[in-house]
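The values are calculated or read from the model by the stated rules, or taken from the named source; none is laboratory data. Keep in mind it's a predicted model, so treat the numbers as computed, not measured. Cβ: placed from backbone, ideal geometry, glycine included. Neighbour counts: every protein chain shown. For the accessible areas, the whole protein counts, side chains as well, though only heavy atoms, and no ligand, DNA or RNA atoms are used. Shrake-Rupley method; radii C 1.70, N 1.55, O 1.52, S 1.80 Å.
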Amino acid sequence: MEKIQMVDLSGQYKKIKPEVDAQIQEVIDSCAFINGPAVKEFQKHLENYLQVKHVIPCGNGTDALQISLMALGLKPGDEVITSNFTFVATVEVIALLGLELVLVDADPNTFNIDPKLLEKAITKNTKAIVPVHVFGQGADMESIMQIANKHKITVVEDNAQAIGADYTFADGKTQKLGTIGHLGCTSFFPSKNLGCYGDGGAIMTNNDALAEKIRQITNHGSKKKYYHQEVGVNSRLDSIQAAVLNVKIKYLDNYCAARQAAAAAYDAAFSKNNNIEIPARNKKSTHVFHQYTLKIKGKNRDELREFLASKGIPAMIYYPVPLHLQEAYLNLGYKSGDFPVTEHLSGIVLSLPMHTELDAQTQKYIIDAVLEFVK
Ligand SMILES: *Cc1c(COP(=O)(O)O)cnc(C)c1O
């Protein structure tokens, strides 16, 4: 058996190598490395796939979040609410822009922001909410949009982990995650569900004015070359990355299905064991399993992780330290005990290998090892 990995990018590449290599070669031959035709083509592909009016490609997912908040024209002192159970990028950009970062605890089952606590965190200074669709399934967007609309607050979805997932509202309407809020952000970091071969990201919106503003910000605050209306940034998806994504987007639904099949096999093996809890599903959202994350209840999570490592099986803790207890964010004034759910989860979650190339034999080996330890 080959070395087991959390994510197998090499196995995935081998299956699409001729197509990818040809597309990359075409960019090199054309020398249109920046803003070449491949970028425009990918923009159209993704707009069509997501059924959204505007996709604005940019340099990475962190930039996508930062540029989105810049486009809202927020001022220092304006409050932005997000989940405490996320990757640091979500909160970093809020802090960098000098905005007031307000954290909200997670739902203990779905790991996503708890809408009841969200509503309690709203003040007259709240200007934006950034729900994160953590691990690949939607936050409770129906409640979040209702709350946001009631208080006239802008919603920026952090969809770095759930591209391709569908969300169905109570009225039966289905939309892709990342296109429900006023703005949506995603990342094409190589290990993300739609990953390129370097850095990449995009912003999604159905709002023409915001789209125009965002295009301007990504391009040094400029609409016309060498004329600058505002302070912007330089954030671009390069043509080689777009060429890779033009191939991979055709397989995104297959990739989601492969992850869902692997998750179903894990579920079937683990659902009857009392010492572990399989990922709970939000019934309104599909789950595209950026991560397959167990809660280890009756046994010690860190000992299980070491046991798996001794058998050559990697397993990761997303996220080991809640954001309010990270050194960089202690100045927010939160203390231990303020976010009981996130604090508890950080001690019991364990993500198993999850990717598009997980074969049945490897998965059985992983499952047997987990069950041997948790019995
Ligand atoms: C990966 C990720 C980001 C940042 O994306 P980059 O492309 O690495 O900058 C932001 N938010 C979440 C939730 C992520 O998982």
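The C-beta contact set for the stretch 188-217 (first residue without any contact (Cβ under 8 Å) to a residue 24 or more places away in the chain and over 19 Å from GLN161 (Cβ atoms), second residue open to solvent by 10 Å² or more (accessible area, probe 1.4 Å) and more than 16 Å from the ligand (Cβ to nearest atom), distance under 6 angstrom, 6+ apart or interchain) comprises GLN216/LYS223. Could you grab me the full set of residues in the stretch 341-375 that are part of a helix (DSSP H, G or I), surrounded by 16 or more Cβ atoms within 10 Å (Cβ to Cβ) and of a type in the set (A, V, I, L, M, F, W, C)? Correct list: VAL341, LEU345, ILE348, ILE366, ILE367, ALA369, VAL370, PHE373, VAL374. Figure legend. Inter-residue proximity from the stretch 245-264: first residues more than 15 Å from LYS15 (Cα to Cα), second residues among the aliphatic types (A, V, I, L, M) and not in a helix (DSSP H, G or I), beta-carbon distance below 8 Å, spacing 6+ or different chains. Indicated pairs: CYS256/ALA165; CYS256/VAL288; ARG259/VAL288; ARG259/MET354; GLN260/VAL288; ALA262/MET354; ALA262/LEU358; ALA263/MET354.
When ASN48 is tested against (1) away from the ligand (no atom under 16 Å from the Cβ); (2) touching a helix residue (DSSP H, G or I) at 6+ places or on another chain (Cβ under 6 Å); (3) outside any loop (DSSP other than H, G, I, E, B), just one condition goes unmet, and that condition is (2).
Just so you know, in the stretch 171-180 the residues that are away from the ligand (no atom under 16 Å from the Cβ) and either in contact (Cβ under 8 Å) with a residue 60 or more places away in the chain or part of a strand (DSSP E or B) (or both) include one that is surrounded by the fewest Cβ atoms within 10 Å (Cβ to Cβ), and it is THR174. Just one residue in the set PRO322, PRO340 is within 21 Å of the chain's Cα centre (by Cα) and outside the structural domain of GLY201 (by TED's automatic domain parsing); that residue is PRO322.
For the stretch 181-213, give me each residue that is of a type in the set (Val, Ile, Thr) and within 16 Å of the ligand (Cβ to nearest atom). Those that are of a type in the set (Val, Ile, Thr) and within 16 Å of the ligand (Cβ to nearest atom): THR186, ILE203.
Checked against the criterion of being open to solvent by 40 Å² or more (accessible area, probe 1.4 Å) and touching a strand residue (DSSP E or B) at 6+ places or on another chain (Cβ under 8 Å), the stretch 322-334 contains one or more residues that satisfy it.
On the stretch given as the stretch 18-45, residues that are open to solvent by 50 Å² or more (accessible area, probe 1.4 Å) and outside any helix (DSSP H, G or I) total 4.
Look at (1) over 19 Å from the mean Cα position of the chain (by Cα); (2) buried (at least 21 other Cβ atoms within 10 Å of the Cβ) and you find that LYS116 fails only one, number (2).
Regarding THR86, is this residue assigned to a helix (DSSP H, G or I), near the ligand (Cβ under 9 Å from one of its atoms) and under 19 Å from VAL155 (Cβ atoms)? Considered against the rule, which asks whether it is assigned to a helix (DSSP H, G or I), near the ligand (Cβ under 9 Å from one of its atoms) and under 19 Å from VAL155 (Cβ atoms), THR86 comes out as no. For the stretch 143-162, filtered to residues that are among the aliphatic types (A, V, I, L, M) and in contact with a Phe, Trp or Tyr (Cβ under 9 Å, 6 or more places away or on another chain), the residue that is surrounded by the most Cβ atoms within 10 Å (Cβ to Cβ) is ALA162.
Can you say whether ASP140 is away from the ligand (no atom under 16 Å from the Cβ), surrounded by 23 or more Cβ atoms within 10 Å (Cβ to Cβ) and acidic (Asp, Glu), as far as the supplied structure shows? Criteria not met by ASP140.
Taking the numbered list (1) under 19 Å from the mean Cα position of the chain (by Cα); (2) surrounded by 15 or more Cβ atoms within 10 Å (Cβ to Cβ) in turn, GLN51 passes all entries but (2).
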